[in-house]
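Structure, as structure tokens:
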Amino acid sequence: MAAVQLDDIDLKIVRTLQQDGRTSYSDISKAVGVSAGTVRNRINQMRSSGMLSVNVWLDPSLSGLGIHATLLLKIRPGRLVEVADALSGLDEASYVATLVGAYDAVADVFCRDVAHLRVLIHDKIQTIDGVLDVLTNLVTDNRQQATLAVAAGAPLETLLGP
């Protein structure tokens, strides 16, 4: 799929949606300074390209999921895709990505308590064929939740390069 070139209007639309993903096209148009039709067309183009999705984030500490952990995994060569797919299928996993570096994959998981985390790691993740090692890091304070930090006022060149 071809990349969509973002401009300053697109970034203003994204910034507005990051504040509240339920914002109407009309309200976005007022904030950005373009017509509601332009906003609708821009959002539809970004969504159909796969670049933009509006997600719901549930605060785990307020929802009974008191444990948020970031897991770093070492995976046997040749098994990366299968392991990443298996991790993505876990109910507890909210984010899964493959890496280049000391670890091969990362997963953010949410659990009710430490016992739930233990079962997840020992009985589910470590039994996935290809998982060699799991390093568990407990998250103590989530300071920001965003897929792309599009800071207000940041020029397009700062985000996308010259």
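The values are calculated or read from the model by the stated rules, or taken from the named source; none is laboratory data. Just so it is clear, the model here is predicted, and its values are computed rather than measured. Here the Cβ positions follow ideal geometry from the backbone for every residue, glycine too, while neighbour counts run over all protein chains shown.
Some values worked out for this structure:
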{"item": "Qualifying residue in segment 121-137 (condition: charged (D, E, K, R) and in contact (Cβ under 8 Å) with a residue 60 or more places away in the chain)", "result": "yes"}
{"item": "Residues located in segment 37-87, provided they are among the hydroxyl-bearing types (Ser, Thr, Tyr) and under 15 Å from the mean Cα position of the chain (by Cα)", "result": "Ser53, Thr70"}
{"item": "Search result, residues across segment 88-104 that are among the acidic types (Asp, Glu) and either modelled with pLDDT under 95 or under 16 Å from the mean Cα position of the chain (by Cα) (or both)", "result": "Asp91, Glu92"}
{"item": "Residue check for Arg40: without any contact (Cβ under 8 Å) to a residue 24 or more places away in the chain and outside the structural domain of Ile128 (by TED's automatic domain parsing)", "result": "yes"}
{"item": "Hits in segment 57-87 - residues which are farther than 15 Å from Gly130 by Cα and not hydrophobic (A, V, I, L, M, F, W, C)", "result": "Asp59, Pro60, Ser61, Ser63, Gly64, Gly66, His68, Thr70"}
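Okay, residues lined up against (1) more than 30 Å from Ile13 (Cα to Cα); (2) at pLDDT 95 or above; (3) surrounded by 16 or more Cβ atoms within 10 Å (Cβ to Cβ):
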| position | (1), (2), (3) |
| --- | --- |
| Gly50 | no, no, no |
| Asn55 | no, no, no |
| Asp59 | no, no, no |
| Gly78 | yes, yes, no |
| Glu82 | yes, yes, no |
| Ala86 | yes, yes, yes |
| Val106 | no, yes, yes |
| Arg118 | yes, yes, no |
| Ile128 | yes, yes, yes |
